[in-house]
Amino acid sequence: MEYIVFLDRDGVINIDSSEYVKNESEFEFIPKSPEAIALLCKNGFQVIVITNQSMIGRKMVTQKTLEAIFKKMKHGVQKAGGEIKDIFFCPHTPQDNCLCRKPKPGLILEAQKKYQIDLDQSCMVGDSAKDIECARNAGCSKILLVKTGNGSKAQQQLSCKGITPDYIGPDLYEAALWIIKNVKI
């Protein structure tokens, strides 16, 4: 059975923007994030990206543009020697009250159904309280918070809710090292 590592995108893999990442030229990797994904892959983990992309629902970009951004991300990860198995995204706005928008677990459950994932054999790395709560709601075995993006703010929000991630670290690369050391596959 494959061990799946779910990753949020904005603030974990690439630099987040309050103005959204609306095209390929605005997509910029956080240092060492492609290498982190490659490291996970080389150590037997499969990577799936789980991301809220409300800019589709807000009519800021088309799905075609989002797919071009994803293509750039996948290519950068491949150049580093890694692979993103799949990408699941929620195109809805918060007002849509859908089942797939994090912190609801819909995207992870969709991936679980598609790939017959044992969530006891999965973990999630995110930079927001929504990511951590999504992983918890889905039943991921390990939940990691990185301080890139919104991580420091999320740490305070989670603390107020009494939620403690399994790991809190500076970035995806350090999270990958923790996963490799602490998760037996």
Quiz item: Between a first residue in the stretch 169-185 that is touching a residue at least 12 places away in the same chain (Cβ under 8 Å) and within 17 Å of Ile15 (Cβ to Cβ) and a second residue that is of a type outside the set (A, V, I, L, M, F, W, C) and crowded, with 20+ Cβ neighbours inside 10 Å, which pairs have beta carbons less than 6 Å apart while being 6 or more apart in sequence or on different chains?
Solution: Asp171/Thr148; Leu172/Ser33
Quiz item: Assuming Ser18 fulfils every condition listed in (1) over 21 Å from Leu107 (Cβ atoms); (2) at pLDDT 95 or above apart from one, which condition is it?
Solution: (2)
Self-check item: Residues within the stretch 155-178 that are out of contact with any Leu (no Cβ under 6 Å at 6 or more places or on another chain) and buried (at least 23 other Cβ atoms within 10 Å of the Cβ), tallied
Solution: 1
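The rows are residues; the columns are (1) within 21 Å of Gly82 (Cα to Cα); (2) modelled with pLDDT of 95 or more.
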| site | (1), (2) |
| --- | --- |
| Asp131 | no, yes |
| Asn150 | no, no |
| Gln157 | no, no |
| Lys161 | no, no |
| Tyr173 | yes, yes |
Practice problem: Just name the residue that is farthest from Leu172 (Cα to Cα) out of those in the stretch 67-99 that are surrounded by 14 or more Cβ atoms within 10 Å (Cβ to Cβ) and without any contact (Cβ under 8 Å) to a residue 24 or more places away in the chain. | Solution: Cys98
Quiz item: Which residue pairs have Cβ atoms under 7 Å apart, sit 6 or more places apart or on different chains, and have a first residue in the stretch 2-31 that is in contact (Cβ under 8 Å) with a residue 12 or more places away in the chain and a second that is part of a helix (DSSP H, G or I) and of a type in the set (S, T, N, Q)?
Solution: Tyr3/Gln121; Ile4/Gln121; Ile13/Ser33; Asn23/Thr65
Self-check item: Single condition Glu110 does not satisfy, out of (1) touching a residue at least 24 places away in the same chain (Cβ under 8 Å); (2) under 15 Å from the mean Cα position of the chain (by Cα)
Solution: (1)
Quiz prompt | Residues of the stretch 84-107 that turn out to be of a type in the set (Asp, Glu) and more than 14 Å from the chain's Cα centre (by Cα), as a count | solution = 1
Self-check item: Which numbered condition Val12 misses (of (1) assigned to a loop (DSSP other than H, G, I, E, B); (2) farther than 20 Å from Val183 by Cα; (3) of a type in the set (A, V, I, L, M))
Solution: (2)
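The values are calculated or read from the model by the stated rules, or taken from the named source; none is laboratory data. Note that this is a predicted model, so its numbers are computed, not measured. Reconstructed Cβ throughout: ideal geometry from the backbone, glycine too, with neighbour counts over all protein chains shown.
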